[in-house]
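To start, the structure itself, in structure tokens.
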Amino acid sequence: MNPTLRHFLKFTAAGRWVVLPYRFFGIALPRVLRQLRLATRWTFTSKEHYNFTYDLTDLNERYLASFIAVVSGHPLREIEGYIAELKADERLRSVLMNRARASRDRHNSDIVPRYGRRMGWYALVRATRPRVVLETGVDRGLGTAVLAAALLRNAAEGFPGIVYATDIVPDCGYLLDEPFKACCRILLGDSVTTLQSFEESVDLFLHDSDHRPEYEWAEFIAIEPRLHDASLVLSDNSAETSKLLEFAIRRGRSFLYFQDQPKDHWWPGDGIGAAFIPGARTFFPDVHRATTLEK
Ligand SMILES: C[S@@+](CC[C@H](N)C(=O)[O-])C[C@H]1O[C@@H](n2cnc3c(N)ncnc32)[C@H](O)[C@@H]1O
């Protein structure tokens, strides 16, 4: 660019006004139009109106694997392997699609499962082999099914576990079916009340129910007595509240947040908040073995 013109555009008040149409039409508008195009297409091709599901961009999926590697203390290669395992699981996919097709909810939910960040939940369960996973908020049961699928593989490798999942809506979890259902128990009722009377020690806790900040916090406080030193705590709500960060501080843990980048979707994405001990390799069978020896 001509140096005089460059100086005028970059360093004068008048130059700022000359550049204004370019900023709007050349930079901002194409991005807004892209979102509008995606939203229009989604309106006709998807049936969802809440709890949106989407795939992640390839780059975002790699970052998810790296995030889970840091949180679990397991090598990146191992975590990538678990994500690939889930993506290749045709049995799970076909169970989910059959259940979705047969459901009365089929007119407002999509048939093809898109796991998004739940791939990270899966990889975390595969790497750390928990005995007890507790998820609050089941909805259709996509997350619960993914967690159960990971637990089923763990069981086949000699590390059985179970996912308890709470929800207040009686017909939640309709995506769940055998063989995955065998690894999960739905606990119906208000989540905080359920957590207050939950008696088992929890390896992995995941908040994904009522997303009001005070409710998220109440869940953490209700489950705190059931957490042990190595327990991992996740939140599906950390894009909206800092409650897990505060809980991590309370328990002397570190906090990290992963932000989804949906592929070809107008929704900005959700994410995973995690409270964990940095540098610790979490492998729950070792934790339980050490606890048994101590007794
Ligand atoms: C975001 S959805 C859960 C999504 C699910 N975890 C998944 O992976 O797709 C939130 C769920 O929390 C449930 N919920 C809302 N308030 C609740 C409460 N007080 N106790 C238990 N469940 C509640 C809703 O019925 C809804 O099914």
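Read the figures in this text as sums done on the coordinates, not as results from a lab. All figures in this text were calculated on a predicted structure; none of them were measured in a lab. Ideal geometry is used to build each Cβ from the backbone, glycine not excepted, and the neighbour counts take in all protein chains shown.
Numerical summary
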{"quantity": "Cα-based Rg / Dmax (Å) for region 109-149", "calculated": "10.6, 31"}
{"quantity": "Peptide ranges 35-42, 11-18, 256-263, 178-185 listed from the most packed, as the mean C-beta count within 10 angstrom indicates", "calculated": "256-263, 178-185, 35-42, 11-18"}
{"quantity": "For region 40-50, Karplus couplings with θ = phi - 60° (6.51, -1.76, 1.60), whole Hz, Gly/Pro x", "calculated": "5, 4, 4, 4, 9, 9, 9, 10, 6, 10, 6"}
{"quantity": "Average projected area [Cα convex hull, region 132-226], square nanometres", "calculated": "5.6"}
{"quantity": "Region 1-144: C-alpha gyration tensor shape, a/c 1.5 cut-off, then a/b vs b/c", "calculated": "oblate"}
{"quantity": "Between region 1-78 and region 174-192, the alpha-carbon center distance in angstrom", "calculated": "37"}
{"quantity": "Alpha-carbon Rg with Dmax, taken over region 16-88, Å", "calculated": "19.1, 54"}
{"quantity": "Full-extension gain in nm, GLU240 to LEU188, via 0.36 nm per residue minus C-alpha separation", "calculated": "16.2 nm"}
{"quantity": "Angle between the chain longest axis and helix 284-294 axis [Cα atoms, degrees, rounded to 10]", "calculated": "40"}
{"quantity": "Candidates THR45, THR57, THR282: whichever shows maximal mean-square fluctuation once the chain is modelled as a Gaussian network with Cα springs under 10 Å", "calculated": "THR45"}
{"quantity": "Kirkwood-based Rg to Rh ratio, the chain, C-alpha trace", "calculated": "1.07"}
{"quantity": "Hull volume in cubic angstrom per residue (convex hull over the Cα atoms of region 78-131)", "calculated": "92"}
{"quantity": "Principal-axis tilt of helix 213-223 within the chain, Cα atoms, nearest 10 degrees", "calculated": "30"}
{"quantity": "Using alpha-carbon coordinates, inclination of helix 142-156 to the longest axis of the chain, degrees", "calculated": "50"}
{"quantity": "Region 129-168: radius of gyration over Cα atoms, expressed as a fraction of 2.2 N^0.38 Å", "calculated": "1.14"}
{"quantity": "Summed side-chain charge close to VAL19 - residues other than VAL19 whose Cβ falls under 15 Å, Lys, Arg +1, Asp, Glu -1", "calculated": "+4"}
{"quantity": "Residue order, fewest to most beta carbons within 10 Å, for ILE83, ILE272, ILE221", "calculated": "ILE221, ILE83, ILE272"}
{"quantity": "Residues LYS263 and MET97, FRET efficiency given R0 of 22 Å [Cβ-Cβ distance, rounded to 0.05]", "calculated": "0.70"}
{"quantity": "Length released on extending from THR57 to SER201, taking residue separation times 0.36 nm less the Cα-Cα span", "calculated": "48.3 nm"}
{"quantity": "For the chain, calculated [θ]222 nm from helices alone, where every DSSP H run of n ≥ 4 adds -39500 (n - 2.57)", "calculated": "-14000 deg cm²/dmol"}
{"quantity": "Sorted by Cβ neighbour density within 10 Å, fewest at the top, the residues HIS107, HIS7, HIS211", "calculated": "HIS107, HIS7, HIS211"}
{"quantity": "Percentage of interatomic Cα-Cα distances in region 154-295 larger than 27 Å", "calculated": "28"}
